[in-house]
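Take this structure first; my questions come after.
The values are calculated or read from the model by the stated rules, or taken from the named source; none is laboratory data. Predicted model only: the values in this text are computed from it and were never measured. Virtual Cβ from ideal backbone geometry, glycine too; neighbours counted across all protein chains shown.
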Amino acid sequence: MSKTGAYELPAGLLALDGPVARPAPGTLPIRGDLAHIALANRFLVAHYVVPQVYTLGAADADLKLQPRADADTITTIRAGSAFEVLDLAGSWAWGCIGPDGPTGYVPIDQFIPSQP
């Protein structure tokens, strides 16, 4: 079985053998177009993403249900915590605390800039 980062890639034939209930928004890292690689053996989507780990800066950050400042807050992520980014769009990062969630949006400017 091959590995990437801390997640094992699925091995063998993947099959879904019946209806699969979609998780509630803000729970598992899955959208209609993509999902966390760790969910590949449970959900069928067009793309699976190996997350890029970002680090939050000196301030706590609210994990939002939508990419807007006035959206519902799912939880607060503590300063210095790791966040698994699956997609970047505009000034927001969509990702998760881990493959079991929670999942949501964090403003990109909340992260420590990456070193070249």
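Does any residue of the range 58-75 turn out to be in contact (Cβ under 8 Å) with a residue 24 or more places away in the chain, closer than 24 Å to GLU8 by Cα and either in a strand (DSSP E or B) or not hydrophobic (A, V, I, L, M, F, W, C) (or both)?
no
So, of the residues in the range 17-44 that are of a type in the set (D, E, K, R) and free of Cβ contacts under 8 Å to residues at least 40 places away in the same chain, which turns out to be surrounded by the fewest Cβ atoms within 10 Å (Cβ to Cβ)? Spell out the reasoning first.
Let us first name the residues in the range 17-44 that are of a type in the set (D, E, K, R), namely 17, 22, 31, 33, 42.
Filter again for free of Cβ contacts under 8 Å to residues at least 40 places away in the same chain, leaving 17, 22, 33, 42.
Numbers: ASP17: 5, ARG22: 12, ASP33: 9, ARG42: 14.
My answer is ASP17.
Restricting to the range 45-79, what's the tally of residues that are more than 14 Å from TYR105 (Cα to Cα) and exposed (fewer than 11 other Cβ atoms within 10 Å of the Cβ)?
4
Kindly list, by first and then second residue, each pair from a residue in the range 79-91 that is touching a residue at least 24 places away in the same chain (Cβ under 8 Å) to a residue that is assigned to a loop (DSSP other than H, G, I, E, B), limited to pairs with Cβ atoms under 7 Å and residues at least 6 apart or on different chains.
That search, which allows pairs on different chains as well, returns PHE83/ILE97; GLU84/PRO51; GLU84/GLY98; VAL85/PRO51; LEU86/PRO29; LEU86/PRO51.
Same structure, new question: What is the residue count in the range 83-97 for residues that are surrounded by 13 or more Cβ atoms within 10 Å (Cβ to Cβ) and either β-branched (Val, Ile, Thr) or modelled with pLDDT under 95 (or both)?
2
Against the conditions (1) assigned to a loop (DSSP other than H, G, I, E, B); (2) touching a residue at least 60 places away in the same chain (Cβ under 8 Å), where does TRP94 fall short? Just the number, please.
(1)
Going by the structure shown, is THR76 farther than 15 Å from TRP94 by Cβ and in contact with a Ser or Thr (Cβ under 9 Å, 6 or more places away or on another chain)? Write out each step before concluding.
Working: farther than 15 Å from TRP94 by Cβ: yes; in contact with a Ser or Thr (Cβ under 9 Å, 6 or more places away or on another chain): no.
No.
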